[in-house]
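What follows is a set of notes on a single structure, which appears directly below.
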């Protein structure tokens, strides 16, 4: 018997030696995995069926997060390349383990973007009354008024830039983008290990600050900002709002539709998006009623959304549109006033109401 065997050392299997420390580490990891699996299962069971995402939407949210994180990683790796950054793997598993995707603001933004894409894809491709007619945006780009044509071309350019691979890392509001930058940078540093040194810390932090500064400078070039400028340039008369909103929707141009809705209602773009994505459409109906849009236009607009989204119930929507005639205009205007309040204030009031509820 050899000395190693006498001392109880394991024999190699397949060229690898599994020692006691490794075995203990694997056992601890298995326990941690089992506990995490139980917690994840408990969270999944607690989700009501009415709030559960369908597989297509869930995959879209994951894909969007992967794309944004991937482009951020590429940008930061390029910036810290002189430090010999060793990390080659995606940071997503580490970010998931740390709970980053559980951030409600980030998850909500990703979900809204995916559902907006789904809604746009479900809308008809051409205006029903004249499929050969150029889209509203293309017509505005050729408008003789410079303010309109320049704003329309600016939106077309912003949309073109948004389709580039590099634009993926800027598809979040600046506050969320900044937060995600720090998450990814910290995860990259942890991946590098303790031997990487403080020079890598300094390089990563400098790269994040540079990326934040670039994101702030580029904010005005984003699609939402360009759409808001075009909506301000159009600035239709009160009796024209319904026609312009319907044209933007028929053209499947949701950023312009949302910018127009936000301007008409004097609310933030994100609030307009929430109204549009609300499948019950009750708040959207009330806002359009408060804006005094004709009932026929409201019905056409909402039925177009219903046809684009199979999850919306046509019968319930038709009943809601019919009910608008009995809704007090002041009640609808009160809802509009609430939507104009800062979202942080409304969120805190909702939290306090929940805390004080019996």
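No value in this document is a laboratory result; all are computed from the given coordinates. As the structure is a computational prediction, the values presented were derived from the model and not from experiment. Glycine also receives a Cβ, built like all others from the backbone with ideal geometry; neighbour counts cover every protein chain displayed.
As a ratio to 2.2 N^0.38 Å, the alpha-carbon radius of gyration for segment 235-347 is 1.00. Among 223, 287, the ranking by other beta carbons within 10 Å of each residue's beta carbon, starting with the fewest, stands as 223, 287. Taking all Cα pairs closer than 8 Å and separated by 6 or more residues, the relative contact order of the chain comes to 18 percent. Ranked by the mean number of other Cβ atoms within 10 Å per residue, highest first, peptides 189-200, 64-75 order as 64-75, 189-200.
As a rough footprinting exposure proxy, the listed residues 257, 269, 303 were ranked by other beta carbons within 10 Å of their own, and the order from fewest upward is 303, 269, 257.
Once both labels are positioned 7 Å from their Cα atoms along Cα-to-Cβ, the gap between residue 28 and residue 138 label points is 6.4 nm. How far is it, in nm, from the label point at residue 63 to the one at residue 212 when both lie 7 Å from their Cα along the line to the Cβ? Reported label-point gap for residue 63 and residue 212 is 3.2 nm.
Counting beta carbons within 10 Å around each of 240, 49, 159 and listing the fewest first gives the order 49, 240, 159. Taken over the alpha carbons of the chain as equal point scatterers, the Debye sum produces base-10 log I(q)/I(0) values at 0.10, 0.12, 0.13 Å⁻¹ of -0.78, -1.04, -1.17.
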